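Participant: Sharing a structure, written as structure tokens. Questions coming.
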Amino acid sequence: MDSTWTTTILVVPCVVVLTAGFFYLYGAIISLLSKTSVRNKVVVITDALSGLGKECAGVFHRGGARLILCGKSWEKLEELADELENASDPTVTFPPKLVLLDFGDMDSMAEAVAEVLDCYGCLDILIFNSSMKVKAPAQSLSLETDKLLMDNNYFGPITLAKGVLPSMVSRRSGHLLLVNSIQGKIAVPFRTAYAASKHAVQAFFDCLRAEVEEFGISVSTINHTFISCSAAVPAASTSLLWPLLFTRKPGGVSPDEVATEIVRTLNNKRKEVLIAPSLPKMAIFARSFFPNVFFAVMAAGVKNSAASENM
């Protein structure tokens, strides 16, 4: 047998094994860092009762964080806290503290902010996870619905952010992380109010990032497509780019994927993360550099959608 061929046969398996070992070791190190980086840190999670909120609660609780879980239902918050405590070692974890928080009820925000700060007297990490969605033609939405979306997706989060900032500034430490939709970067038809609220909150945190950097406070945003526990197979469609951007198809992300990215972002203090397949990323690029093409595709998508409904 040729010596070169023999060497190749011997080297290739070694390379494969070494590569696999490297990735295994890298994953183990990242997992260890994700736990030690939040140990004893005060972490606030809004809408902890959502799929992503529960996933984050589990990750940070196991990592030894001092959790403050926020949600609209006290009973469900208690159930979540019990689940976390029953599934963990009480010698290395802290019992979660609970706060009723409803971004749709702006009158209650001052009290909720005070409760969050009273839990431990300070906080290290605040994860803004709440979101209210609506899909409808602009003319069919009432102004009250528009205002409700702005309260849930914009005014609520920024009220909480402004409420905790003085504490972070005085300690010259803290991390604000906004889990935002990709529609904070790009807007598609029939989501006028939703996209407007997501653009608004994105702009607020983008500006805030520069303002608080001198105080040692980090601000991160994570923009994702849709979060789904199971990605469904897309239905056949003859339309163009627009309907493919946000349909529930393989390409969405699961709660554990987003939770993993949240931990990674907190560790490396990345300012902005985009979790999306290639097509939405191309749409953002097209919107920035070829707006006329982008608008034409959006309009064509609306026409195709209307035609399909009339068939």
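The values are calculated or read from the model by the stated rules, or taken from the named source; none is laboratory data. Since we're looking at a predicted model, the values are computed, not measured. Please note: Cβ atoms are built from the backbone with ideal geometry, for glycine as well, and neighbour counts cover all protein chains shown. The protein model used for the area step is the full one, side chains on, heavy atoms only, and it has no ligands, DNA or RNA in it. Shrake-Rupley method; radii C 1.70, N 1.55, O 1.52, S 1.80 Å.
Participant: Check whether at least one residue in segment 103-116 is in contact with a strand residue (DSSP E or B) (Cβ under 7 Å, 6 or more places away or on another chain), hydrophobic (A, V, I, L, M, F, W, C) and crowded, with 19+ Cβ neighbours inside 10 Å, and report yes or no.
Facilitator: yes
Participant: Go through (1) out of contact with any Ser or Thr (no Cβ under 6 Å at 6 or more places or on another chain); (2) surrounded by fewer than 18 Cβ atoms within 10 Å (Cβ to Cβ); (3) at pLDDT below 90 for Leu241 and report which single condition fails.
Facilitator: Going through the list (1) out of contact with any Ser or Thr (no Cβ under 6 Å at 6 or more places or on another chain); (2) surrounded by fewer than 18 Cβ atoms within 10 Å (Cβ to Cβ); (3) at pLDDT below 90, Leu241 breaks only (2).
Participant: Tell me which residues, restricted to segment 151-174, are crowded, with 18+ Cβ neighbours inside 10 Å and either in contact with a Pro (Cβ under 9 Å, 6 or more places away or on another chain) or farther than 19 Å from Val99 by Cα (or both).
Facilitator: Tyr154, Met168, Gly174
Participant: Counting only residues that are of a type in the set (A, V, I, L, M, F, W, C) and surrounded by fewer than 18 Cβ atoms within 10 Å (Cβ to Cβ), how many does segment 70-93 have?
Facilitator: So the count comes out to 3.
Participant: Going by what's in this entry, would Asn310 be described as farther than 30 Å from Arg39 by Cα, open to solvent by 90 Å² or more (accessible area, probe 1.4 Å) and modelled with pLDDT of 90 or more?
Facilitator: When the stated conditions are applied, Asn310 does not pass them.
Participant: From (1) at pLDDT 85 or above; (2) in a loop (DSSP other than H, G, I, E, B), pick out the condition that doesn't hold for Arg287.
Facilitator: (2)
Participant: Is one or more of the residues making up segment 118-126 over 30 Å from Arg191 (Cα atoms), crowded, with 19+ Cβ neighbours inside 10 Å, touching a residue at least 60 places away in the same chain (Cβ under 8 Å) and charged (D, E, K, R)?
Facilitator: Taking every residue of segment 118-126 in turn, at least one turns out to be over 30 Å from Arg191 (Cα atoms), crowded, with 19+ Cβ neighbours inside 10 Å, touching a residue at least 60 places away in the same chain (Cβ under 8 Å) and charged (D, E, K, R).
Participant: List pairs: first residue in segment 92-114 and charged (D, E, K, R), second residue open to solvent by less than 50 Å² (accessible area, probe 1.4 Å) anywhere in the structure, Cβ distance under 6 angstrom, at least six positions apart or on different chains.
Facilitator: Lys97/Ile68; Lys97/Cys119
Participant: Under the condition of being among the polar types (S, T, N, Q) and at pLDDT 90 or above, which residue from segment 249-279 is farthest from Ser50 (Cα to Cα)?
Facilitator: Checking each candidate, the answer is Asn268.
Participant: Oh, and also: Can you tell me how many residues in segment 44-62 are in a strand (DSSP E or B) and touching a Gly at 6+ places or on another chain (Cβ under 9 Å)?
Facilitator: Summing the residues that are in a strand (DSSP E or B) and touching a Gly at 6+ places or on another chain (Cβ under 9 Å) in segment 44-62 gives 1.
Participant: Give me the pairs, please: first residue somewhere in segment 207-227 and assigned by the TED database to the domain that holds Val253, second residue anywhere and of a type in the set (Asp, Glu) and open to solvent by 40 Å² or more (accessible area, probe 1.4 Å), beta-carbon distance under 6 Å, and either six or more positions apart or on two chains.
Facilitator: Here the result reads Thr221/Glu272, each pair linking segment 207-227 to a residue that is of a type in the set (Asp, Glu) and open to solvent by 40 Å² or more (accessible area, probe 1.4 Å).
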